[in-house]
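Worksheet: one structure, shown below.
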Amino acid sequence: MKFKLSGSAAAVMFVMFTALALQPVPSLAQQEKPASAKELPQLPGIEQLRQLHFPKLFKSGETVEKGPKAFFVRNLETVADNAYIFLKFEANGSVSVDWEKRNAWLEKWKAKGANLGDIKDAREAYKQADILSRKAIQDLGERFNYYYDPEEVRVDDHMRHQTSVGIGVQLQMQHMQEALSKLPDNAKQEDYEKALTVTKEHRLVLTPLKDGPAEKAGILRGDILRKVDGEDIEDGKHTMKQVIFLVSGTKGSTVEITVERKKKELDKDKQETGKEVTVEETIQVTRDEFKSRVTHTTPADKDGIVVMRLDTFMADDTAKEWMEDLSEFVAKRRQENKPTMLIMDLRNNGGGRVDHGVNIIAMMMERGTVLTMKTRESSGVRTERWTVTPDALLYTYPAPANPSQMIALRGGKRTLVLPPDVPLVILVNEHSASCSELVTKSLRVGRPWTKVCGVNTYGKGVVNRPIDLASGDPAEPIRRMAIGIGRFYPGVDSVNGTDVDIDWEGVHPDLESKWEKPKKPEDDNQLDDAKKLALQEYALMVKAQAEQKKLHDDTVAKKKAEFKAQIEAREKAEQEARKKAEEARKKAEDEARKKAEEEARKKAKDAGKNAPGGKDKVSEQPKSDNKGVPPGPTKTKPGDQPGVGSPSGTPAPGQQPAKPAVPPAPPVMPPPNDDDDPDL
């Protein structure tokens, strides 16, 4: 757990469970220029959200009744008109205000503040109004209702804006979880403060902020804070809150910080002996303004594991810092082409603004429901939902004219910063609450290769509305309250599709890792377990990718074989078709030739019949004496003349010569037919 020494005597008040503060939800900045983006672009329709979540008690210039009593009554009425606890849910699903409960609470506390107007000292009267307002809010019985007095408002603003006056260091108490684990579940704020008492067992480790006053003065990371202006803080009489008060101060003032650190031992000649010695050094630091970071990134170790710790979601630059660091490390690891795993350390992160949570989820989740929020609106409930798509962030809300109809607004273009093939392990503990639980559960439900390590988180599913309280008296500074106005549900259950409720339940880790007292200051058994889980996820992912690649290759090979078989079958079919076509063509040609020859013979025969005196020469051909063998030519003797009675036409002896016959007509050839001549 970290604290900024920023001049706050009340910073510890915000250690445990920072409200899930409702801020306008912008869409993601473009990845092309992550480092130069000053602000994340806003989602359309943000003004409606701003008016919903940041109502003003009275308009600018409006005349209000002044005085501590009127101020106290307005505080009570603000609570009565916004608190979710005053809603009544019927069995049939209808929602209405429980007026009896509301009015009873309101009248009870109005009566307790009836005498505020009788206090003559106005400053004292306002202090009493602050005390009564705080008690009235606590009387609601909800765990996460807060009232901030002017000093606490100042500290809260410093946390949001990340600008403070002080020496610019973060404090981490050794074995703090051991001290807090001894507290009962119903522990109060003062119990937490007392548990954080500085001793030799629970020492304060310093981490100077970059370019802050402490770093410039020479304070080093890992120094142990021993004394402040000569006062020993490890005597068991100083709480962490009191130490913060000792270090705080005004700009330009100085403070002496005594630290314990290890140094190399030097001999009399000022040469290193190779041994380490523990020494105390006193350093004078001039208090000044500084800007702190909430994202802290540890470079990749030998296995490729990067650790990014996020202190809070309250600061204005939370999402911007996370985007810059995440983009830088992902780009570097991709360029080096090395295995990459990420551990997101949300231990002791009490939450903060919902817009930062939604944006950070959208940087690391490709698609799915990020958040569903159900808040009180007048006498009913308003349901809002944030969903991420591959290229945009969608905001869905009920239409003003018809609440049963939902309107979806598309945010600006967004880029997925953390690829889905980078295993993510989220490290949490019992003090990870609110927005930390939103981020943890949404990513666990909606992102592949994501696991949770540590112990069960706190279990805060309550939405708080921060409201500034003005007295109307220019001499009195602003107060603030954070009232539970609804419930939030991270992601959607992958089994039954319902909203995920973490209130009281918290987020259960995939790998339980309880904090163990370290043997060395640098030991962290929970972080070691998270790294082991990251390596396991990476191995499983590589195996799954190999199986998927094999399946893909097998599928491709099968498709190729099927395609080749199809090609071969088609070629074979084409060959067979060509063969059949050729055979059909030849057959058709033969049939056509035979037909032509037959027609030619028929024409020739017809032509012979039609000639004058012509006979069918074909039918007058001599018959064969032997089967199938035509008679040979008739031999004639010299002097024979053709005639009757002999083969040559000469009359046989004793016969009269025949009368000369009419010579036969020459054969008439059929007319040439160029289209049907088989000899051509």
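Data overview
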{"item": "Nitroxide proxy distance, nm - points 7 Å out along Cα→Cβ at residue 81 and residue 65", "result": "1.4"}
{"item": "Average accessible area per residue (Å²) across the stretch 123-238 - probe 1.4 Å, nucleic acids and ligands excluded", "result": "45"}
{"item": "Where chymotrypsin sites (Phe, Trp or Tyr not before Pro) fall in DSSP loop in the stretch 478-516, at most 14 other Cβ within 10 Å", "result": "504"}
{"item": "Portion, in percent, of the accessible area of the stretch 220-287 that falls on carbon or sulfur, probe 1.4 Å", "result": "44"}
{"item": "Global geometry of the stretch 385-450, whether rounded, prolate or oblate, following the gyration tensor of its Cα atoms and the 1.5 cut on a/c", "result": "oblate"}
{"item": "Residue among 250, 224, 278 farthest towards the positive dipole end of the stretch 208-284, charges placed on Cβ", "result": "250"}
{"item": "Nearest-10 value in Å² for the accessible area of residue 540, using the 1.4 Å probe", "result": "90"}
{"item": "Debye intensity ratio in log₁₀ form over the Cα atoms of the stretch 221-353, taken at each q of 0.13, 0.14, 0.18, 0.21 Å⁻¹", "result": "-0.89, -0.97, -1.09, -1.14"}
{"item": "Gyration tensor over alpha-carbon atoms, the stretch 486-562, equivalent ellipsoid semi-axes in Å", "result": "38, 26, 7"}
{"item": "Accessible surface, the stretch 322-362, averaged per residue in Å² (probe 1.4 Å)", "result": "30"}
{"item": "Ordering of 70-77, 257-264 by packing [mean C-beta count within 10 Å, highest first]", "result": "70-77, 257-264"}
{"item": "Residues residue 366 and residue 570, FRET efficiency given R0 of 56 Å [Cβ-Cβ distance, rounded to 0.05]", "result": "0.85"}
{"item": "Alpha carbon convex hull of the stretch 534-611, projected area averaged over orientations, nm²", "result": "5.7"}
{"item": "Table column - 3J(HN,Hα) (Hz), the stretch 560-565, Karplus curve with 6.51, -1.76, 1.60, x for Gly and Pro", "result": "5, 4, 5, 5, 4, 4"}
{"item": "Difference of contour (0.36 nm per residue) and Cα-Cα distance, residue 603 to residue 232", "result": "119.5 nm"}
{"item": "Cα pair distances exceeding 18 angstrom across the stretch 56-163, given as percent", "result": "59"}
{"item": "The stretch 274-425: Lys pairs at Cα distance under 19 angstrom, eight or more positions apart or on different chains", "result": "5"}
{"item": "Cα gyration tensor, the stretch 70-117 - rounded (a/c under 1.5), prolate or oblate", "result": "prolate"}
{"item": "Given charges at beta-carbon only (K, R positive; D, E negative), |dipole| of the stretch 99-216 in Debye", "result": "80"}
{"item": "Spatial separation of Cα centroids for the stretch 387-437 and the stretch 467-521, in angstrom", "result": "16"}
{"item": "Gain on full stretching of the segment that runs from residue 562 to residue 456 - 0.36 nm per residue minus C-alpha separation", "result": "32.8 nm"}
{"item": "Positive-pole candidate from 584, 515, 492, dipole of the stretch 484-598, charges at beta carbon", "result": "584"}
{"item": "Of all accessible heavy-atom area on the stretch 336-456, the percent that carbon and sulfur account for (1.4 Å)", "result": "50"}
{"item": "Full-stretch length increase - residue 377, residue 200 - with 0.36 nm per residue and alpha-carbon distance subtracted", "result": "58.6 nm"}
{"item": "Rounded if a/c under 1.5, otherwise prolate or oblate - the stretch 272-344, Cα gyration tensor axes", "result": "oblate"}
{"item": "FRET efficiency estimate (nearest 0.05) - Cβ-Cβ, residue 391 to residue 517, R0 60 angstrom", "result": "0.80"}
{"item": "The stretch 105-164, accessible surface, carbon-and-sulfur percent (1.4 angstrom probe)", "result": "50"}
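The values are calculated or read from the model by the stated rules, or taken from the named source; none is laboratory data. From a predicted model like this one, the values you see are computed outputs, not experimental measurements. Using ideal geometry, Cβ is built from the backbone for each residue, glycine included, and neighbour counts are taken over all protein chains shown. Protein only, heavy atoms only, side chains kept; ligands, DNA and RNA dropped before computing areas. Shrake-Rupley method; radii C 1.70, N 1.55, O 1.52, S 1.80 Å.
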